[in-house]
1. For the protein assembly as shown, what is the mean residue ellipticity at 222 nm derived from helices alone (per DSSP H run of n ≥ 4: -39500 (n - 2.57); sum divided by total residues; nearest 500 deg cm²/dmol)?
2. Based on the Cα gyration tensor of the range B:6-251, what are the three equivalent ellipsoid semi-axes, each the root of five times an eigenvalue, rounded to whole Å and given largest first?
3. Please report the Cα spread of the range B:1-95 along all three principal axes, rounded to whole Å, starting with the longest.
4. What is the sum of charges around A:Leu130, taking Lys and Arg as +1, Asp and Glu as -1, for the other residues whose C-beta is under 14 Å from the C-beta of A:Leu130?
5. Please state the shape class of chain A: rounded when a/c is under 1.5, otherwise prolate if a/b exceeds b/c and oblate if not, all from the C-alpha gyration tensor.
6. If you average the sequence gap of Cα pairs under 8 Å that are 6 or more apart and divide by the length of chain B, what percent do you get for the contact order?
7. How far is it, in nm, from the label point at B:Arg10 to the one at A:Ser188 when both lie 7 Å from their Cα along the line to the Cβ?
8. Considering only A:Phe35, A:Phe136, A:Phe225, give the residue with the highest GNM mean-square fluctuation for chain A, with springs between Cα atoms whenever their separation is below 10 Å.
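What follows draws every value from the coordinates through simple rules; no lab data is involved. The model shown is predicted, which means the values in this text are computed figures rather than measured ones. Please note: Cβ atoms are built from the backbone with ideal geometry, for glycine as well, and neighbour counts cover all protein chains shown.
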Amino acid sequence: MIFFKQAIALRNFCLCNRVTEGGHSVEETERTQIFMERINAGEKIEANDWMPDEYRNLLIKQIHMHGISEIMGAYPEKEWVPKAPSIRRKLALNAKVQDEIGHGQMLLRLAEDLSRPYGRGREELMDDVLDGRVKFHNVFHMEAPTWADAGVIGFLVDGGAIITQAMLLDSSYAPYARMLKRIVAEESFHMQHGEAVVLALAEGSQAQRDMLQGAINRWWEPMMFFFGPVQMGKGAQRMMEYKIRTKSNEELRQKFINRYVPRITSLGMTIPDPELRQDPDTKEWHYSQPDWERYNEMVHLNSGPMSQARIAMRRQAHEGQRWVREAMNKASERQVSEHQPAI
Amino acid sequence: MENLGESETRALIQLIKPIADDEWIVGHRGSEWLALTPDLEEDLAFSSISQDEMGHAQFYYELLHSLGLPSADELVYLRPASDWTNAHVLETPNRDWAHTVALRYLYEVLDDIRHEALLGSWYQPLTDGVRKIRMEEKYHLQHFTTGFQLLATGTELSRQRLIEGIADIWPRLSDLFAWGGSEEFLEKLGLPNLAQSQLKHSWTIRMEKTFHDLELPWPGPVPGVKVNGRNGEHTQDLSDLLDVMTEVHQIDVSSPW
């Protein structure tokens, strides 16, 4: 393995010299080949390493969408912070939403780094949400009408996110994998927070239990969509080839169902899918197909029940307060120039 | 605790309750800014501050509980507006960012003066907590001092909006310095620096300096008390806030959530 790495390093070195001497296309192809050899050998790519444009663009798309989903995911829960029914729950939910925004901020910084060659920074990446140029997860287009939804989001959505993000821990892009390590650790606290809210409701009064069942009924189908179609799109397949991601949509969904069926039934709640059953031999779960068309449209056109309301909140924060960021920048610039020593 | 006489207990409650309520309401209003502040970094900082404020309130409510009042959760979720003793300006719904930064800066300076004075108390459970709280409050004050300065010196627009925010808040500030009823309890507690006149004086000196340094128009002396939140006098804004805050809890007050 060491020899292999050294050989590649040597070839990279020689290649660099050839590139600076001029000529691109042959070198580009050769570089891509070497890059793929590194990927296939399980090596990790760092931010300053050379990478094919396709790899960079897939990473930007993935990490931008991931970061924006974390930020848009703050909205359905944030609405419940002022209404949280105890001091403990209020502080915990506040901290959870803060974490999600923190994840969004960290991921956007990665996307900003990758987007530098395109001259795009935070402002542009955030503008993309408002202009519908970046998608966010289907679950955050949905309504969260009760306190139970605030708990179920932590329980199911964060639980689902742990499953998708755990496979990214081994991503070929090292900065993403490192960041996910921290994010996944926090997501598991979020899942536990959601589980604690859900447990209290499951052990509570009939009204609380009904509220919980209602929320599970609302979130199950969107969660089936959450992992994506069985037949993965071209982009997702390329991400597998580049080892940006390492598992198929269906593998992740099966893992989720397998994990959550016993959890939900042990709460005395039911899963709103009459088709749901496990093959005794293959252990494969059979489930009703979510309404692919409806959710796809929701994600692509921002046409879900809460899509526009949540984008409007982001617009209020980002566009509505551009004047604050401008003032901050102006004042900071002035402070810096005032502290410059006289020449 | 067992050595406290009845009048001392009453005095401590009279002292702690308004501070607890101020901190809770400030934290609650702060948490409404979640995911809505001007940038992600501010969101992270401000939500930490809001959690701190509500955490401080929780400490004070637990102290009040140890002095014979209901539990912290009951104090937050089961009191009518007329039993809340926060300064009424703090219940104002959030407006623009400049308004929030102005209000929080004016409040944090008072909070700093108040907490410093509290360290003079002979009641150790209080001073133990205050010492820890002051470590966090130092950063809150720093955060809003910076925010206030940057808006004042940023652009014409930010300065204008800050001045408008101050103009809206200033006439409603008075009960921030006040206590409910007579101030005799402060003597019993050996905390004369917490008298309304003292607080207002110390606060005004610091404000005059800030306004002078930033060349902001001085709004004049803080007007006298018209609505005294310390006596349970509030605006409709507090009732609206409590309706939202207790909405879920009210579905079933006897069941744990």
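1. One gets -21500 deg cm²/dmol as the mean residue ellipticity at 222 nm.
2. Over the Cα atoms of the range B:6-251, the ellipsoid semi-axes are 28, 21, 17 Å.
3. Computed over the range B:1-95, the largest-to-smallest principal extents equal 51, 24, 19 Å.
4. Details: positive: A:Arg122, A:Arg133, A:Lys135, A:Arg310, A:Arg314, A:Arg315, A:Arg322; negative: A:Glu123, A:Glu124, A:Asp127, A:Asp128, A:Asp131, A:Glu319.
Combined, the nearby Lys, Arg, Asp and Glu give +1.
5. On the way: a/c = 2.22, a/b = 1.33, b/c = 1.67.
Note, shape of chain A comes out oblate.
6. On the way: 293 pairs, mean separation 66.3, N = 257.
Across chain B, relative contact order equals 26 percent.
7. According to this spin-label approximation, the distance is 5.5 nm.
8. Of A:Phe35, A:Phe136, A:Phe225, the most mobile in the Gaussian network model is A:Phe35.
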